[in-house]
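> Okay, handing you the structure first.
The values are calculated or read from the model by the stated rules, or taken from the named source; none is laboratory data. These numbers were taken from a predicted model, which means no experiment stands behind them. Please note: Cβ atoms are built from the backbone with ideal geometry, for glycine as well, and neighbour counts cover all protein chains shown. Note: areas computed on protein heavy atoms with side chains; ligands, DNA, RNA excluded. Shrake-Rupley method; radii C 1.70, N 1.55, O 1.52, S 1.80 Å.
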Amino acid sequence: MKIQENISLKSLNTFGFDQKARFFTAIGTVEDLKKALTWASERATEVLILGGGSNLLLRGDFEGLVIKIELKGIQPVGEDQDHIWVKVGAGEVWQDWVSHAIAQNWAGVENLSLIPGTVGASPMQNIGAYGVEIKEIFESLEALNRNTLEMETFDAAACSFGYRESVFKNVLKDQYIICSVTFRLKKHPEFHIEYGAIQDVLKAKGVTELSIAAISQAVIEIRQSKLPDPKEIGNAGSFFKNPTISNEEFESLKQQYPQIPGYPNESGVKVPAGWLIEQAGWKGQRTGEVGVHGKQALVLVNYGKGKGTEIEALSQKIRQSIREKFGIELHPEVNFI
Ligand SMILES: Cc1cc2nc3c(=O)[nH]c(=O)nc-3n(C[C@H](O)[C@H](O)[C@H](O)COP(=O)(O)OP(=O)(O)OC[C@H]3O[C@@H](n4cnc5c(N)ncnc54)[C@H](O)[C@@H]3O)c2cc1C
């Protein structure tokens, strides 16, 4: 394990904020992870666990130890007639894992193609896209307890997955480091093409026979056309979660805004945060070096020299204006550091 000092995190967070880590190490084994945690606790220094840095808002230099997780490996660990169970190292790049699964014809991850980041962070917020969340293909994970340095296994119930939520983002925040995730994929695919855009792309491409590869490719094309590429403009994807409001609140807003979209769920009606932000006039607005993306109002962007504190201030203004206009509270999806 090698500890480096004063390392720039610019290329390690997709917003591209040029903040420094006072101490930095990249770990490829669980042994080194334990050593790094011990090193930090002996110095009573804070620890930040880093995957691909695609869901982080760095608001300043990090004065403690940044541990970048590079635990690798994709290993089938069981199968039956219909399923295959595969254990994947937390440091594997999510899209590398998706491509591997598709090449083996293992179904279940295709709708989650091209989500940035690492496998280890995927359960943190139960990543989801195009009608699928990882909880649907999740079997279990192994995580290192930061206090005892013991490895513990969590099944889906223990993870308490919700919409962009898990136990690791709230009750057990900063207490565990996810080291591997075991997925349960299908040998005989069940296709999820309920999202209109997927069907439109498949139709436009003349795809008549569905396959997981065709769905993955369609998802990739939709994402590339809709979402800004962090390599070109700094961002962390959706900045806010889509809020759920009560049926009564939704009906009352509908009187005032007949076009308001809403998707009923078990707690009320989910409203797209991007629609609310756009209606409040934020789409394409720029303040100095940060702003709201011109094509997708849910994405806040760094035009190059912006700071995390500027994005934070912008996000607060947006939240306030949504509160005033619609009486709805927005909550960030991105992790503030
Ligand atoms: C262009 C773009 C599009 C996106 N689209 C989607 C989308 O469609 N759906 C979606 O759900 N998300 C999306 N995201 C958000 C992001 O890709 C996911 O949240 C992803 O899982 C983050 O992975 P990461 O490795 O980059 O995590 P990081 O940003 O490095 O970390 C995120 C949080 O998890 C913690 N963490 C990371 N790894 C571990 C670990 N091994 N153990 C414990 N804690 C850990 C970090 O400390 C931090 O709090 C998008 C982001 C971008 C930039």
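> Do any trypsin sites (Lys or Arg not before Pro) in segment 162-257 lie in a loop, going by DSSP, with at most 13 other beta-carbon atoms within 10 Å of their beta carbon, and if so which?
On the way: sites: 164, 169, 173, 184, 186, 187, 203, 205, 223, 226, 231, 241, 254; in loops: 164, 169, 173, 187, 205, 231, 241.
Taking segment 162-257 and a limit of 13 other Cβ atoms within 10 Å, the loop trypsin sites (Lys or Arg not before Pro) found are 173, 205, 231.
> Once fully extended, how much extra length lies between residue 8 and residue 22, figured as 0.36 nm per residue of separation less the alpha-carbon to alpha-carbon distance?
Values: separation 14, 0.36 × 14 = 5.04 nm, distance 0.91 nm.
Answer, rounded to one decimal: 4.1 nm.
> Have a look at the DSSP beta bridges in the chain and tell me what percent are antiparallel, nearest 5. Numbers along the way, then the final one.
On the way: 47 of 59 bridges.
So the antiparallel bridges in the chain amount to around 80 percent.
> For a quick check, take a GNM of the chain with Cα springs below 10 Å and name the residue from 86, 77, 219 with the largest mean-square fluctuation.
Most flexible of the set in this elastic network: 77.
> Would you mind getting me the FRET efficiency between residue 35 and residue 256? Use the beta-carbon distance for r and R0 = 41 Å, nearest 0.05. Numbers along the way, then the final one.
Working: r = 58 Å, r/R0 = 1.43.
Rounded to the nearest 0.05, the efficiency is 0.10.
> Excluding ligands, DNA and RNA, what is the solvent-accessible area per residue of the chain at a probe of 1.4 Å, expressed in Å²?
47 Å²
> Would you mind checking the pairs 2/135; 135/241; 135/270; 34/305; 34/72 and listing those with alpha carbons more than 26 angstrom apart?
In this structure, 2/135; 34/305 exceed 26 Å between Cα atoms.
> Continuing with this model, one more query. Which value in nm describes the separation of the simple spin-label points at residue 190 and residue 152, placed 7 Å from the Cα toward the beta carbon?
Calculated label separation equals 3.1 nm.
> Which whole-Hz ³J(HN,Hα) couplings does segment 12-27 yield from phi under the Karplus relation 6.51 cos²θ - 1.76 cosθ + 1.60, θ = phi - 60°, glycine and proline marked x?
Karplus-based 3J(HN,Hα) across segment 12-27 equals 10, 9, 6, 6, x, 6, 8, 9, 10, 9, 4, 10, 8, 8, 10, 10 Hz.
> Tell me the mean residue ellipticity at 222 nm calculated for the chain from its helices only (DSSP H runs of n ≥ 4, each -39500 (n - 2.57), averaged over every residue, nearest 500).
Values: 8 runs with 87 residues, N = 337.
The helix contribution divided over the chain gives -8000 deg cm²/dmol.
> Heads up, I need the accessible area for residue 159: 1.4 angstrom probe, whole protein in place, Å², nearest 10.
Spelled out: residue 159, probe radius 1.4 Å, area about 0 Å².
> Roughly how many whole Å is it from the C-alpha centroid of segment 190-242 to that of segment 68-144?
A separation of 18 Å, based on Cα centres.
> Can you give the % of DSSP beta bridges in segment 1-131 that are antiparallel, to the nearest 5? Before the final figure, lay out the partial values.
Values: 10 of 20 bridges.
The antiparallel proportion sits near 50 percent.
> Starting from 0.36 nm per residue, how many nanometres of slack lie between residue 1 and residue 103 once their C-alpha separation is accounted for?
Working: separation 102, 0.36 × 102 = 36.72 nm, distance 3.39 nm.
Separation in residues times 0.36 nm, less the Cα-Cα distance, equals 33.3 nm.
> Which GluC sites (Glu not before Pro) from segment 165-241 combine a DSSP loop assignment with at most 11 other Cβ atoms within 10 Å? Present the calculation step by step, with values, prior to reporting the outcome.
Values: sites: 165, 190, 194, 209, 221, 232; in loops: 190, 194, 209, 232.
Sparse-neighbourhood loop GluC sites (Glu not before Pro): 190, 194, 209, 232.
> For residue 205 and residue 224 in the same chain, what is the full-extension length gain: residue separation times 0.36 nm, less their Cα-Cα distance, in nm? Show your work: numbers first, answer last.
Details: separation 19, 0.36 × 19 = 6.84 nm, distance 1.57 nm.
Difference between extended and current length: 5.3 nm.
> Another question about this same structure. For segment 234-336, what % of the accessible area comes from carbon and sulfur atoms, probe 1.4 Å?
On the way: 2250 of 5050 Å².
Taking all protein chains in place, segment 234-336 shows 45 percent carbon and sulfur surface.
> Right, next: Amide H to amide H, which residues 5 or more places from residue 47 or on other chains are under 5 Å from it, using H placed in the peptide plane?
65
> Would you work out the charge dipole size for the chain about its Cα centre, treating the Cβ of every Lys and Arg as +1 and the Cβ of every Asp and Glu as -1, and quote it to the nearest 20 debye? Don't skip to the end; give the middle numbers.
Values: 36 positive and 42 negative charges, 211 e Å.
The calculation lands at about 1020 debye.
> Under 13 Å from a point placed 7 Å out from the Cα of residue 267 along the Cα-to-Cβ direction: which residues of segment 296-328 have their backbone N that close?
none
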